[in-house]
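Each remark here refers to the structure printed beneath this line.
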């Protein structure tokens, strides 16, 4: 009845502005997601729950309007949901022909939205006669999805291309420049794996590196380097090689890794290049991607900043000079997310 | 000339920025393995045997914090409301939530290198599970059968005492967690001053083979029984990395610019009526006292805003509906109710005696405040300190008490299980049964409402847990229940990283936990 592991989900909505290629990917993702994952979106789920609560409140026996609504909302939750749910509740109450008033003398209806460790709780309480009538509607917190992330500042185009509840260490772009899709270095059920995804975000191949000796680690460092059919995985103190066509022959050995140097993107209008930097030192706070001009003569020039919803865990721009993949952990949803970063010119 | 000088300054600044800024960004990016994390706790002793923990006790919370270093649970709850695999990798249940199946992680090992088995899990959990739950090993996991519908089993298993361990023949316990305990030193007389005791120490060493990965620090050195003020001083001068701070010292710690972390309010301080004194069972007296209590002042003045008024038995973060309960201070109503009572009750002939658990000055202060509030409603309350009984001594002769100020620590992530445990603690067995049957939040609310209306227990304030953390401690996080995740912590600077050889050298010395 219950699925214990949550598989990767594809992004709900993210509209690229530049590249038809990603527009195509997005459509593929969107269309493939619809039948396979009928998960409610955050707003749909919360809205449904708000409507249900309003309906149940309106049907409380002997509760007559007008009512004065007093809302309660967890402070840390307010920034995520805003007050849309309150508007929805008001509208629904009025739809059920229960008048709303601001008059102090009107019956008090207290309504709250709270977050517990596992649930979102919508609660309403009204005094009817000598009795408090209470109605509660709950929904699993895990169905909650943060609202769409703010659009990145102009000139730094950011597109959410993949998200998963499973831990992602690194992401690599298409390996031959034309093939669509992505490769991930991620943990699946505590097993370190290299995963190939097609353009629709579907897993096409999983190579477990545990059998080859790559044990689970708390260290967030890990790099996946893909060259054609061959791949190299760098871990703290270990290096693994395998071929996608002979995945069972993956081999790992102890090695001091040479981590990739800073990612430099070269937009078509600036041959000088821009370096992508992130702090990444604190996994408990959101990070800022800094895009600074590359080259000693240009250091210190104005940098572009792009806020991320969590710590930036990896930046990989090896496969494509114009774009990079950034792995982050969304601190609101807990999902690991992969963003495509492209520098836009002339904006 | 001036222009040239400015240009030079600008060039030097730009060069410094170019050199330092990216260097800083890169230098702090990666976590660091090694080092010793020094932790000081005020409790004098801990038990790492979950079978010995008393549900709801403050001591159990301290035990749980350290036990999480050594043991794992079947599942965990992440910060986003999702259950994550731990020692169980898959789980399922029937439609009635009565039959649960868990598949165990293959390859998980105890700290002595032996494999975790289904039998280990069943043996560890059975004595910990509430009555009505039966666990049995299966081919690749365990099965839990419940007599009643138990939709909140995962919440229960992901919190509290539901750790997996193996009891060895010598009484030690083995765990699969990120650390194992290598040394346990009891308090010993100080050489300089034999009348004083050197505090107890616990030394945890990183488990290289932990299934979730080796922890970052090599060693966690825990000192027990350090007085709170000395802990703060030690943190200030860099002699320790993590301390626990009592609520009444949080303000001081913040004034000293210490980094202070707080959990959700996880401890309830409440009054319970005991029927040992005549007249205490009179609902009018209970209601009068309830109306007389000034919870806002207790939380905001007495506890300096480091606590929260408690309107309900369960905190808002756990139930989601606590805001619906009020904290009705109404002195006029309290006096009115009191005046309707017989004159010889609660102050007429003998005062209402309030027993205070001797767990610190805070409880005594709170007890005194209760007495002041009660007096305002013409109810006489006298504090009686609760001392440990010594055989054949004053305990037998001590006067009966009608009130008890107690602390309750929320152990479970399941509000239903928590309310049930609290009802058991209050000896309202009928209530506990009702709670056990209700998986519906409205029924849970109704049950809590009923318990509050009975006024056998009057919630006062909710206390978070506070910790002081040294600046070099990185990636400090805590579970939704407040449990510290020390395996993920790393030290940015500090003592040179001790080699992994040290970590492994202690392995053969002591692999188990002596309860």
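The values are calculated or read from the model by the stated rules, or taken from the named source; none is laboratory data. Since the structure is predicted, the reported quantities are computational estimates derived from the model, not experimental observations. Here the Cβ is made from the backbone with ideal geometry for all residues, glycine too, and neighbour counts use every protein chain on show.
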### Task
Give the residue that is nearest to the chain's Cα centre (by Cα), with candidates limited to residues of the range A:317-336 that are at pLDDT 85 or above and more than 14 Å from chain B (Cβ to nearest Cβ).
A:325
### Task
Just give me the residues in the range B:211-229 being more than 30 Å from residue B:113 (Cβ to Cβ) and either buried (at least 22 other Cβ atoms within 10 Å of the Cβ) or in contact (Cβ under 8 Å) with a residue 60 or more places away in the chain (or both), in sequence order.
B:225, B:226, B:227, B:228
### Message
I'm trying to understand the selection: among the residues of the range B:44-56, which are crowded, with 18+ Cβ neighbours inside 10 Å and touching a strand residue (DSSP E or B) at 6+ places or on another chain (Cβ under 7 Å)?
### Response
B:46, B:48, B:49, B:56
## Note on the structure
Going through the range B:191-209 in order, the residues found to be touching a residue at least 60 places away in the same chain (Cβ under 8 Å) and assigned to a strand (DSSP E or B) are B:202, B:203, B:204, B:205, B:206
### Residues located in the range B:210-240, provided they are assigned to a loop (DSSP other than H, G, I, E, B) and out of contact with any strand residue (DSSP E or B) (no Cβ under 9 Å at 6 or more places or on another chain)
B:213, B:227, B:237, B:238
### Message
Can you tell me which condition residue B:208 does not meet? The list is (1) within 14 Å of chain A (Cβ to nearest Cβ); (2) buried (at least 19 other Cβ atoms within 10 Å of the Cβ); (3) on the phi < 0 side of the Ramachandran plot, and all the others hold.
### Response
(2)
### Query
So is residue B:313 in a loop (DSSP other than H, G, I, E, B), crowded, with 23+ Cβ neighbours inside 10 Å and touching a helix residue (DSSP H, G or I) at 6+ places or on another chain (Cβ under 9 Å) or not?
yes
### Query
Name the residues in the range A:177-208 that are away from chain B (no Cβ under 14 Å) and assigned to a loop (DSSP other than H, G, I, E, B), would you?
A:177, A:178, A:179, A:180, A:181, A:198, A:199, A:200, A:201, A:202
### Query
Which residues, counting only those in the range B:338-377, are farther than 30 Å from residue B:45 by Cβ and at pLDDT 90 or above?
B:371, B:372, B:373, B:374, B:375, B:376, B:377
### Scan of the range A:224-243 for residues that are surrounded by 21 or more Cβ atoms within 10 Å (Cβ to Cβ) and away from every other protein chain (no Cβ under 12 Å), ordered by number
A:224, A:226, A:231, A:233, A:234, A:238, A:240, A:242
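Every residue, every condition in (1) touching a residue at least 60 places away in the same chain (Cβ under 8 Å); (2) touching a strand residue (DSSP E or B) at 6+ places or on another chain (Cβ under 8 Å); (3) farther than 21 Å from residue B:479 by Cα, yes or no:
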{"site": "B:126", "(1), (2), (3)": "no, yes, yes"}
{"site": "B:158", "(1), (2), (3)": "yes, yes, no"}
{"site": "B:165", "(1), (2), (3)": "yes, yes, no"}
{"site": "B:173", "(1), (2), (3)": "yes, yes, yes"}
{"site": "B:181", "(1), (2), (3)": "yes, yes, yes"}
{"site": "B:189", "(1), (2), (3)": "no, yes, yes"}
### Task
Could you name every one of the strands (runs of 3 or more DSSP E) located completely within the range B:55-160 that has at least 1 residues being within 12 Å of another protein chain (Cβ to nearest Cβ)?
B:75-77, B:83-85, B:88-93, B:99-104, B:141-146
